[in-house]
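The structure under discussion appears below in the form of structure tokens.
Computed from the coordinates by the stated procedures, all read-outs in this text should not be read as laboratory data. A quick note: this is a predicted structure, and the numbers were derived from the prediction, not measured. Cβ atoms come from the backbone with ideal geometry, glycine included; neighbour counts cover every protein chain shown.
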Amino acid sequence: MEIPYTVEARPDTGLYNAKVGIWLFLASEVMLFGGLFSAFVLLRVSAEPGTWPHGWQNIVLGTTNTIVLALSAITTLMAWVACKVREFGKFKFFHGCTLLLALTFLCIKFVEYSEHLNHYEIKLTNGDIYDGDMVSNDPARDHVVISGRKDSSEMDLYDLRAQKISESEITIPRSQIASMDNYGPWHNNYLALYYTLTGLHALHIVGGSIVIGYLWGPGRKLWKKDPERFTNRVEVSGLFWHFVDLVWIFLFPVLYLT
Amino acid sequence: MSEPHNAPATAAPESHDDHPVEFDSYVRRCAGVFVVVVIAVALMIWTSYLPEARLGWSAKIGIILLIASFNAFIVAGFLMHLISERKMVYTILGFTVTFVIGLFALTLYAMRDFPLHTVTH
């Protein structure tokens, strides 16, 4: 049985069916991320002044990822253009670039997550607070070593941009530790939202990469049989990829800059 | 396995809006979009470092989000071809925008919706 309107446009919509489908899917995606963004707004605005983290993210890595994703959006479009002008070699090159850029994005995200998960806030029994990157946390030893600083109050932990931070290696006896918590999603509202939003976005990158990888690999057989239909598949996957880029365009300023 | 070669064109290659696709013009378009995106990102970062005494916190966030929206418009308009799409796509997006505005409006409304005699600080 032939599936109708995979290539030619339906008279009533003016579009081939897959394109209507992807736009409806993207509409549902907007609602998904919209819900999370509205949760962010709610928690951000409700936070007591001075208690919302500022400067906790590595802006260099965030900016690099923004550029990487922007470049990948361009290579995705160029892959579609290459199909349109019937140059399959160029399609392979551009979509190969997209896959490499997607991998780069995920690697940078992994580095960022690792940095956060290795960062600890340590409260001592005498009320002192230390924070920094864990250097040694061997359970066999009676102390932990961090590369960080002593904070004069809990408020010092929030706005890192407003302070000059000098870090040194600090040894803390375990007997003096009241609580020790790394910067995972359980740490506070900001990090919970950070991991949820960026994690969900990274899952979209993985999903998009699988589709693009399929079109670049086994799915390319369709090019021989029906190049126009293959081109439409590339366009649809490209629209999804651009949406993923659009989400990051808002995630970057919201999580890294504000 | 032999690689699929350039397939013979069964019809003149056309874009979604039935205009012929030219490779070089798209290269120029993409280069332009990339430059705009890089400038927008640089502007957002610069704004975020402006002292709050000079520019209030809310004004700063407003400007940053305005630049982000402009950035999104460029990407959606030129890379997703939204500046020249079919009516059906605009209809879908119109509904989406309406629902998203409703979602945010409900959130903002809920922030001020307390039971009577609630003490807020």
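Using the number of other C-beta atoms within 10 angstrom as an exposure proxy, rank A:GLU167, A:GLU48 with the fewest first.
Exposure proxy ranking, most exposed first: A:GLU48, A:GLU167.
Using a 10 angstrom cutoff on alpha carbons, build the Gaussian network for chain A and name the most mobile of A:GLY14, A:GLY35, A:GLY217.
Greatest mean-square fluctuation among the candidates belongs to A:GLY14.
On average, how many beta carbons from a partner chain sit within 10 Å of the beta carbon of a residue in B:107-114?
2
Most exposed first by the Cβ proxy, i.e. fewest other Cβ within 10 Å, how do A:CYS97, B:CYS30, A:CYS107 rank?
A:CYS107, A:CYS97, B:CYS30
Over the protein assembly as shown, how many pairs of lysines fall under 15 Å by alpha carbon, counting only those 8 or more apart in sequence or from different chains?
7
Projecting each Cα onto the charge dipole of the protein assembly as shown (Lys/Arg +1, Asp/Glu -1 at the beta carbon, about the Cα centre), which of A:HIS54, A:LEU103, A:ILE177 comes out farthest on the positive side?
A:LEU103
Cut-off 10 angstrom, C-alpha nodes, Gaussian network model of chain A. Which of A:ALA47, A:ALA140, A:ALA70 fluctuates the most?
Evaluated over chain A, the most mobile residue of the options is A:ALA140.
Once phi is turned into ³J(HN,Hα) by the Karplus curve 6.51 cos²θ - 1.76 cosθ + 1.60 with θ = phi - 60°, what whole-Hz value does each residue of the range A:27-32 show in order, with x for glycine and proline?
So the Karplus estimates, Gly and Pro as x, are 4, 5, 5, 4, 5, 4 Hz.
Taking θ as phi - 60°, what are the ³J(HN,Hα) couplings along the range A:117-124 by the Karplus curve (6.51, -1.76, 1.60), each to the nearest whole Hz, with x for Gly and Pro?
Each residue's phi maps through the Karplus curve to give 6, 9, 8, 10, 10, 10, 9, 9 Hz.
Of A:GLU169, A:GLU2, how do they rank once you tally other Cβ atoms within 10 Å and put the fewest first?
The fewest-first ordering by Cβ neighbours comes to A:GLU2, A:GLU169.
Please compute the average number of Cβ atoms from other chains found within 10 Å of each residue's Cβ in peptide A:65-72.
Per residue, the number of nearby Cβ atoms from other chains is 4 on average.
Which whole-Hz couplings ³J(HN,Hα) result when phi for each residue of the range A:83-99 is put into the Karplus expression 6.51 cos²θ - 1.76 cosθ + 1.60, θ = phi - 60°, listed in order with x for Gly and Pro?
Coupling constants for the range A:83-99: 5, 4, 8, 6, 10, 5, x, 5, 4, 4, 4, 5, 6, x, 4, 4, 5 Hz.
Pairs of alpha-carbon atoms within less than 8 angstrom and 6+ residues apart define the contacts here; what relative contact order does chain A have, in percent?
Dividing the mean separation by the residue count of chain A yields 25 percent.
With n ≥ 4 as the cut-off for DSSP H runs, can you work out [θ] at 222 nm for chain A, using -39500 (n - 2.57) per run divided by the number of residues, rounded to the nearest 500?
Only helices count here, giving -20000 deg cm²/dmol.
Give the average, rounded to an integer, of partner chain Cβ atoms located within 10 angstrom of each Cβ in A:237-249.
4
Would you work out which of A:TRP223, A:VAL211, A:PHE250 lies farthest towards the positive end of the dipole of the range A:200-253, given +1 charges on the beta-carbon of Lys and Arg and -1 on that of Asp and Glu, about the Cα centre?
Sorting the options by dipole projection puts first A:TRP223.
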